[in-house]
Amino acid sequence: MTDAAPKAAVIGWPVTHSRSPVIHGHWLQTHGLAGSYGRLAIAPEEADAFFFGFRDSELAGANVTLPHKLTALSACDVLSDSARAIGAVNTLWREGERVLGDNTDGYGFLANLDQQLPGWDADRGLALVLGAGGAARAIIHALLERGFDRVAIANRTRDKAEALATSLPGSEAVDWDSARDPDPAVAIVVNTTSLGMGGGPGPAIDLARLGPDAVVTDIVYTPIRTELLVRATAVGLRTVDGLGMLLHQAVPGFERWFGVRPSVTDELRRIVLDDIAEAS
Ligand code: ATR
């Protein structure tokens, strides 16, 4: 590398709809930094060559999105603890000849709750996670790291919940149908399924059974107030929307590539919400 302004990008297939350039572009502008952040569409059949050649690329680092999070992981020389535990990489950077990988999804999930609802984790007993995909894995790992005693995983396809529970001690699979009538001891409900996206119905769960201090959060952020969050508010529960997870997961990468730790502000939220509204 020379002392040229650092370049970073989001890498995916497709990558057109990624909000990452809006987020990083805002931070570059706010901090008056010379650097750039773009989009790179890499087809699945090119992914091995691209990631294994990353050490020689002109990029200082990258965000990695679907479907490349596993290929990126196998191309790293060094992995963070969370990337290893989650088994996927969403943030890459270079140090000399080495490529390093991290997974910041769990960090983003926790940082969003910490910012929007300080004290949300006063009761670290039982958490209920709906869904068992890649996002669920990062979130369950984060909840266990934060000190939750138990994480119940309910997924339409039970086998996937079982597989996750086996690899994340402290979590357990429960029946998808049993989540309709959740254990009143549940302190936080997290929707990681795509239910509710585009304004459709969220997961069928009787939120009125939960205690008054329970928190409900959704990783779906289109719309920003999902049907699940609207129902939670209607029964008096505290809610946190999912946009902040997307914004906070971007923070560690930006700091590594551009050397400044950026903030997630109301202004950034507004800019990204406007971008989403324009695109739809
Ligand atoms: P991500 O990486 O965002 O977690 P994913 O790996 O595609 O995405 O996972 C999507 C999750 O939404 C899965 O848990 C999926 O359940 P299955 O494992 O049974 O497919 C869940 N999901 C998607 N559509 C659903 C629906 N109509 N009802 C219930 N769960 C649904």
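Quick note: the coordinates plus some simple rules give every number you see, no bench work behind them. Worth saying up front: this structure is predicted, and the values here are computed from it rather than measured. We place every Cβ from the backbone using ideal geometry, glycine too, and count neighbours over all the protein chains shown.
Quickly run through region 111-145 and pick out the residues that are of a type outside the set (Asp, Glu), part of a helix (DSSP H, G or I) and either touching a His at 6+ places or on another chain (Cβ under 8 Å) or surrounded by fewer than 16 Cβ atoms within 10 Å (Cβ to Cβ) (or both). Of everything in region 111-145, those that are of a type outside the set (Asp, Glu), part of a helix (DSSP H, G or I) and either touching a His at 6+ places or on another chain (Cβ under 8 Å) or surrounded by fewer than 16 Cβ atoms within 10 Å (Cβ to Cβ) (or both) turn out to be ALA111, ASN112, GLN115.
Taking into account only those residues within region 131-152 that are of a type in the set (Val, Ile, Thr) and under 17 Å from the mean Cα position of the chain (by Cα), which is nearest to ASP183 (Cα to Cα)? Applying the filter and picking the extreme gives ILE140. What do you reckon, is ILE188 among the β-branched types (Val, Ile, Thr) and either free of Cβ contacts under 8 Å to residues at least 40 places away in the same chain or within 13 Å of the ligand (Cβ to nearest atom) (or both)? When the stated conditions are applied, ILE188 does not pass them. Elements of the type helices (runs of 4 or more DSSP H) sitting completely within region 43-103 and holding at least 2 residues that are under 21 Å from SER18 (Cα atoms): these cover 47-52, 69-74. Taking PHE258 as meeting all but one of (1) of a type outside the set (Val, Ile, Thr); (2) in contact (Cβ under 8 Å) with a residue 40 or more places away in the chain; (3) closer than 15 Å to ALA111 by Cα; (4) buried (at least 22 other Cβ atoms within 10 Å of the Cβ), write down the number of the exception. Condition not satisfied by PHE258: (3). Please find, within region 191-244, the residue that is nearest to the ligand (Cβ to nearest atom) out of those that are on the phi > 0 side of the Ramachandran plot and assigned to a loop (DSSP other than H, G, I, E, B). Looking at the filtered set, the residue picked out is GLY196. Of all residue pairs spaced 6 or more apart or on separate chains, those with beta-carbon atoms under 7 Å, a first member in region 39-55 that is within 21 Å of VAL78 (Cβ to Cβ) and a second member that is surrounded by fewer than 13 Cβ atoms within 10 Å (Cβ to Cβ) are ARG55/GLU97. Note on region 157-175: among residues that are under 22 Å from the mean Cα position of the chain (by Cα) and assigned to a loop (DSSP other than H, G, I, E, B), the one that is nearest to ALA234 (Cα to Cα) is THR157.
Picking from residues in region 149-159 that are surrounded by 17 or more Cβ atoms within 10 Å (Cβ to Cβ) and farther than 14 Å from ALA85 by Cβ, the one that is nearest to the ligand (Cβ to nearest atom) is ASN155. Scanning region 160-176 for residues that are surrounded by 17 or more Cβ atoms within 10 Å (Cβ to Cβ), under 25 Å from HIS68 (Cα atoms) and more than 12 Å from the ligand (Cβ to nearest atom) yields a total of 2.
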